[in-house]
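The values are calculated or read from the model by the stated rules, or taken from the named source; none is laboratory data. Source: prediction; values computed, not measured. Don't worry about glycine lacking a Cβ; one is built from the backbone with ideal geometry, like all the others, and counts go over all protein chains shown. Each accessible area value is taken on the protein alone, full model and side chains, heavy atoms only, with ligands, DNA and RNA left out. Shrake-Rupley method; radii C 1.70, N 1.55, O 1.52, S 1.80 Å.
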Amino acid sequence: PGAFSLSLAGFIEEPERKYCFECATEEQCQEWVEALRKASYEFLRRSLIFYRNEIQKMTGKDPLEQYGISEEARFQLGAHR
């Protein structure tokens, strides 16, 4: 009950690397799983899209424009909602 594993696929060096975690309590396990989920690329990408849209609603300006991000890149950010 106080353990979980994480498999990472797609790395050339180690295509099927697996990490095993053991926690003192089930609650600690859930905290770790949530922290790892929030650190994932997909979670961060979705957060960027959400906050970009919120800023644009509030200011009327795309906050990524000042960094020279192209229309094509902006389209890719919004493509996987």
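Odds and ends about this structure:
- Filtering the stretch 27-45 to residues that are of a type in the set (Asp, Glu), within 17 Å of Ser5 (Cβ to Cβ) and open to solvent by less than 90 Å² (accessible area, probe 1.4 Å) leaves only Glu34.
- Within the stretch 17-26, considering residues that are in contact with a strand residue (DSSP E or B) (Cβ under 6 Å, 6 or more places away or on another chain) and open to solvent by 70 Å² or more (accessible area, probe 1.4 Å), the one modelled with the highest pLDDT: Glu22
- Filter pass, Arg52 being surrounded by 13 or more Cβ atoms within 10 Å (Cβ to Cβ), under 30 Å from Phe4 (Cα atoms) and not assigned by the TED database to the domain that holds Ser5: no
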